[in-house]
Amino acid sequence: MKTAVIGAGAMGSLIGAHLADGGNEVTLVDVWKEHVDEINEKGLRIEKGSEEKTVCLKAVNDSSVLGPQDLVIIFVKSYHTENAVKSAANLFTEDTVVLTLQNGLGNAEMISRAAGNVEIVAGTTSHGATVLGPGFIRHAGAGETIIGKFDGENTPRVEEVSSEFNRCGLETKISDNIAGLVWGKLLVNVGINPLTAICGVYNGELNEFESTQKLMEMAVGEAEKVAAAKGIELPYTDALEKVKGVARATGPNRSSMLQDVERGRRTEIDYINGAIAAEGNKLGVDTPANQVITLLIKALEEKKEKEKNVKSSS
Ligand code: PAF
């Protein structure tokens, strides 16, 4: 499958490398020049436990140099989705499948608005991965990927993507409840990401403290009520237990939002807890915990921005 992965952070690089290793013609697209140069010169290094391997694949800074693709995987941060898809218009034909496995709410809808007539497949993945440096990632833990058609019934092309992922060592299933899956992952991010970022703790530590457990219960409880008001069928029955279970299973991980805050990058808060507050507002469901948590993350973003400005003007 001729594949472009737009957004070669840890997860985009990991999925792209598996597909390339399985013999697909894969190109990673990312604005990070050092990462792209390193991958082209030396390949992508992947550390997993005590082992390390290098996968050879192509990377570019700008998707305009590529032609039409069979599969385009979007892995940019949610706030870049619309622009990234618009500027990749040359990659799409009516036979192209566009797949999003991003965190947060609204990515498939943004892709649908920006990409025009393509087949959109959405899903979730529970692999854990971190960028260690240019051209170097850590695969912290293998997990399941679940995909399905965003708008309508699954098609043979969803089957094709799923079987190619499985053939390339990415355990993948198909679901016909994609909204439920996306919301299911959203609730996990609602309960874990901002609390790890605000408190500066590993995922597993959230289960250790009384205060973080209470905050998690409040944020996830509100999100569960919003999901119910929207008629979403979550893929589990006890949301809080699910989120605690993921925090335990990914205990040594630093969540993506904690990594963003530490690096002074914008976070995806508007598409996670902010999205819960916005949906709650539309549906008449109160979400005070999610509103406060969203503002606390924004305060951290503003503080980091101020520090950067002070540094660059001194
Ligand atoms: O965003 C993340 O970091 C991940 O989705 C998760 C599941 C919270 C694990 O760190």
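The numbers here are math on the coordinates, done by the rules we state, and not lab data. Quantities reported herein were computed from a predicted structural model and do not represent experimental measurements. We place every Cβ from the backbone using ideal geometry, glycine too, and count neighbours over all the protein chains shown.
Protection proxy ranking of 123-134, 176-187, 224-235, by the mean of other Cβ atoms within 10 Å over each peptide's residues and highest first, is 176-187, 123-134, 224-235. Note on Arg263 and Glu94: with the Förster distance fixed at 45 Å, the Cβ-Cβ geometry gives a FRET efficiency of about 0.70. GNM remark for the chain: springs join alpha carbons under 10 Å apart, and the peak mean-square fluctuation among Tyr271, Tyr202, Tyr236 falls on Tyr236.
When each full DSSP H helix of the chain is screened for a Cα extent of at least 18 Å along its own axis and an average Kyte-Doolittle hydropathy of at least -0.5, the helices passing are 178-199, 210-229. Need one word for segment 167-253: rounded, prolate or oblate. Basis is the Cα gyration tensor (sqrt eigenvalues a ≥ b ≥ c); a/c below 1.5 gives rounded, then a/b vs b/c decides. Oblate. Qualifying GluC sites (Glu not before Pro) in segment 41-108, where qualification requires a DSSP coil assignment and no more than 13 other C-beta atoms within 10 Å, comprise Glu94. Sorting the segments 300-313, 248-261, 141-154 by their mean number of nearby beta carbons within 10 angstrom, highest to lowest, gives 248-261, 141-154, 300-313.
Stretched out straight at 0.36 nm per residue, the stretch from Ala299 to Glu52 would grow longer than its current Cα-Cα span by 85.1 nm. Note on Glu34 and Ala142: their simple-model spin labels are 3.1 nm apart, each label 7 Å out from Cα toward Cβ.
Any idea how far the Cα center of segment 47-118 sits from the one of segment 187-236, in Å? Using only Cα atoms to place each centre, the spacing works out to 28 Å.
Only DSSP H runs of four or more residues enter the estimate; each adds -39500 (n - 2.57), and after division by the residues of the chain the mean residue ellipticity at 222 nm equals -15000 deg cm²/dmol. Using a ≥ b ≥ c from the Cα gyration tensor of segment 1-63 (square roots of the eigenvalues), is it rounded, prolate or oblate, where a/c under 1.5 gives rounded and otherwise the larger of a/b and b/c decides, a/b for prolate? Note, shape of segment 1-63 comes out oblate.
Which of rounded, prolate or oblate describes segment 179-308 when judged by the alpha-carbon gyration tensor and an a/c cut-off of 1.5? Oblate shape, in that a/c is at least 1.5 and b/c is the bigger or equal ratio. Applying the criteria of a DSSP loop state and at most 10 other Cβ atoms within 10 Å to the chymotrypsin sites (Phe, Trp or Tyr not before Pro) of segment 43-148 yields no site. The calculated FRET efficiency for Glu153 paired with Glu307, based on their beta-carbon distance and R0 = 51 Å, is about 0.55.
Counted over the chain, the DSSP beta bridges are approximately 40% antiparallel.
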